[in-house]
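Participant: Please see the structure below; I have some questions.
Values quoted throughout were computed directly from the atomic coordinates according to the rules given, and no laboratory measurement underlies them. Keep in mind it's a predicted model, so treat the numbers as computed, not measured. Cβ placement follows ideal geometry from the backbone for every residue including glycine, while neighbour counts extend to all protein chains displayed.
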Amino acid sequence: MTGIKTTIFLVCAAVVLLILPFFASAATARVGALFFLSLTMLTGLHVVTGLTKVISLCHVGFVGVGAYSAAIASLRFGLSPIAGIFVGTLVAACCSLLLACLTVRLEEHYLALGTLAAGEILVNIFRGTSSIAGGANGLSGVPPLRFFHIILDTPSAYYPFCVAIGLGAMVFTWRLDQGGFGRSLRAMGDEGIHLEAIGVSVSRLRVVGLTTGGALAGLAGAVSAYVDGFVGPESYGVGMSIGSLCFLVIGGLGRLEGVLLGAALASLGPELLRGLVEWQMVVVASLSLTVLVYRALQTSRRSHESFSWLSGSEMNGGRPW
Amino acid sequence: MLGQQLANGFSTGLVYGLLALGFSLAYSTTRVVNFAHGELFAFGALLGIWLQRDGELGLLPASLLSSMVVILAASAFAYLVLWRLRSPLQRSVATIAVSLGLRDAMLLIFGSDSASFPQTRVTGTVDVFGIIVSRYSVTLIVWTVALLIAFWLILARSRLGIWMRATAQDPELAATSGIKIRNVEAGAFALSALAAAAAGLLIGPSWQVSYSSGSIVGVKAFTAAMLGGFGRLGGAVVGGILLGVTETIFAGYVSSAWKDLAVFLLLLATLIFFPRGLMATRAGRVGAG
């Protein structure tokens, strides 16, 4: 049922959103484009954290890998933007695959720490390699998106492209979620040992999940490099990964609809909280804490048994207090 | 030269050890990897500076007040949020959110300038067995060692310490024996926060602490705790010293620009080759040793 509802919702949303730039100003189109890029990035995080249950603190780092690879591919090697997007996605996926393979033996907190270290390493590399990645100044003058002879250099022009990317990522993740792979991933978080017992390789699943998430992150990053025309190290720090995680938590961790809400917050938040721009992250953090506590209370009221990974059985399940 | 660097590394390492000890303490008792540990460090330091800005409060009262605030905030967090969350992953996400919020709150309250403490009255150098060491380093070492001993005494002798160790070993058994887990968790969390704030107040005079220095310090605390084996408090101190000395020597002989990267690579390498820490034991052992 949820599948049908989601489809209808997505189709309606697509129609409304595609015709939006014909009525709206450039600034609105720009926010809309940002929304779809955040959506792409958050679907990746949804695959990593929502489905594979890995707290990733280097997700935005992989967005950066995608952005930098695309920018370098276009600036240094003269590749066309479309090829650059492929390169960015591929490089981010490879980095993610490498990290997933290296950290395959880690669990829970140790894994989160590993991703934290990886995130910091990535930022240090972006900032430190001034000859290749431009150091602290970043890389500017990335050419705009271009299809053969059509140049997409204004918000209304690149908006449809971002919509296509965002919806494509959304549909891809949705199919992934509904299919056998998504079910295995969900089962892995809740019942890893049982899954292993029936002959499914949990580590392989995790590696595939993390690589998929990294590829989606790289895609978002590569497109954003061409949309913004600029790539700088400050946008890809661990703090940004933490922020994205908070957006996902507010939207509802593990639910694809939550990604929509999270992306809306990420892109519209600065507009909505215009008077409170400095307080934005404080508000986001408090909101996500509230959501966490609220959902935990809800779950514990509904049942003492755990039925989602968020309620967890490991920590206090069956304790007498 | 080497002796001096070793001494500097040792004093910094002791502070890392204090941080790692707090981190380990919270982890073993509450199973929370406190991702906001570094932010607590920065918050303690910045609040200390902020309280001293008019010169009305001296260093000691300001430090005490700052520590009190951090302890209260940490216990409130443990009571209001942490207790409600059941799974370790949920709890980690909560501390991740706190780190984000606290970081930006610090930016708003204390501004973006990196600050150092007004002035240290401890200047000059002393000669220790032929090594010229700044008097500040010596004071730092003395204070940190005193604090570490105090923490050890609390854990080994006090009732709260015994409760904490019991909870770490077997929460269910501890609860059935009448230990109020909620209070113990809050106590452990508060102690851990105190360690972070104290580290910030101690190292503040020599580092340019700013609202954003928390994250990197947090990672260093993780690394030190990791090197020493999670949940082993003595190990945390050893890990801290190891990290401090390695870092100082790396900065002195290889490159100071890539110093932080070296720490992260060390952390990642430790994680990859020793997935449960360098001196891993059964998880959850809190001991004096």
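Participant: Tell me the volume per residue, in Å³, of the convex hull enclosing the alpha carbons of segment A:27-245.
Facilitator: Spelled out: Cα convex hull of segment A:27-245, divided by residues, is 113 Å³.
Participant: A follow-up question, please. Using the Karplus curve 6.51 cos²θ - 1.76 cosθ + 1.60 with θ = phi - 60°, what ³J(HN,Hα) values do you get for each residue of segment A:99-113, in whole Hz, with x for Gly and Pro?
Facilitator: Listing the rounded values in order: 5, 4, 5, 5, 9, 5, 8, 7, 10, 6, 4, 5, 5, 4, 5 Hz.
Participant: Which far-off residues, 5 or more places away or on another chain, put their amide H under 5 Å from the one on residue A:129, with H placed in the peptide plane?
Facilitator: A:135
Participant: Cα-based Rg (one decimal) and Dmax (whole number) for the protein assembly as shown, in Å?
Facilitator: Expressed in Å, the Cα Rg and Dmax of the protein assembly as shown come to 24.5, 79.
Participant: Here is a further query. If the cut-off is a Cα-Cα distance under 18 Å, which lysines reach residue B:220, setting aside same-chain residues fewer than 8 apart in sequence?
Facilitator: B:259
Participant: Mind checking which of A:138, A:179, A:44 has the largest fluctuation in a GNM of chain A, springs on alpha carbons under 10 Å?
Facilitator: A:179
Participant: Roughly how big is chain B's charge dipole about its Cα centre, with Cβ charges of +1 (Lys, Arg) and -1 (Asp, Glu), in debye to the nearest 20?
Facilitator: 840 debye
Participant: Residue B:125's amide H: which non-local residues (gap 5+, or another chain) put their own amide H closer than 5 Å, with H modeled 1.01 Å from N in plane and none for Pro or chain starts?
Facilitator: B:135
Participant: Related question: Please average, across the residues of A:52-60, the number of beta carbons from any other chain that are within 10 Å of each residue's own beta carbon, and give a whole number.
Facilitator: Average neighbour count from other chains, rounded to a whole number: 1.
Participant: Per DSSP H run of at least 4 residues, take -39500 (n - 2.57); add these up for chain A, divide by its residues and hand me the 222 nm value, nearest 500 deg cm²/dmol.
Facilitator: After summing the helix terms and dividing by the residues of chain A, the value is -24000 deg cm²/dmol.
Participant: In the Gaussian network model of chain A, springs joining C-alpha atoms below 10 Å, which of A:147, A:230, A:161 carries the largest mean-square fluctuation?
Facilitator: Looking only at A:147, A:230, A:161, the biggest GNM fluctuation is shown by A:147.
Participant: Per DSSP H run of at least 4 residues, take -39500 (n - 2.57); add these up for chain B, divide by its residues and hand me the 222 nm value, nearest 500 deg cm²/dmol.
Facilitator: -24000 deg cm²/dmol
Participant: I'd like the Karplus ³J(HN,Hα) series for segment B:260-269: coefficients 6.51, -1.76, 1.60, θ = phi - 60°, whole numbers in Hz, and an x wherever there's a Gly or Pro.
Facilitator: For segment B:260-269, the Karplus-derived couplings read 5, 4, 4, 4, 5, 5, 4, 4, 4, 5 Hz, x marking Gly and Pro.
Participant: Also: List every residue whose amide H lies under 5 Å from the amide H of residue A:151, counting only residues 5 or more places away in sequence or on a different chain, with H placed 1.01 Å from N in the peptide plane.
Facilitator: Here nothing satisfies the definition.
Participant: So for each of B:11-17, A:105-111 I average, over its residues, the number of other beta carbons within 10 Å; can you give me the resulting order with the highest mean first?
Facilitator: B:11-17, A:105-111
Participant: Roughly how crowded by other chains is peptide A:286-296, in terms of the mean Cβ count from those chains within 10 Å of each of its Cβ atoms?
Facilitator: 5
Participant: Is there a simple number for the mean count of other chain Cβ atoms within 10 Å of the Cβ of residues in B:99-110, and what is it?
Facilitator: 5
Participant: Further question: Treating only the Cβ atoms of Lys and Arg (+1) and Asp and Glu (-1) as charged, compute the dipole magnitude of chain A about its Cα centre; round to the nearest 20 debye.
Facilitator: Using Cβ point charges on Lys, Arg, Asp and Glu, chain A gives about 340 debye.
Participant: How compact is segment A:3-58 by the rule of thumb for globular proteins, expressed as Cα Rg over 2.2 N^0.38 Å?
Facilitator: Here the answer is 1.43, to two decimals.
Participant: Same structure again: Distances longer than 34 Å among the Cα atoms of chain B: what percent of all pairs is that?
Facilitator: Roughly 16 percent, rounded to a whole number.
Participant: Right, something else. Looking at chain A as a GNM with Cα springs under 10 Å, which of A:210, A:176, A:97 has the largest mean-square fluctuation?
Facilitator: For chain A, modelled as a Gaussian network with Cα springs under 10 Å, the answer is A:176.
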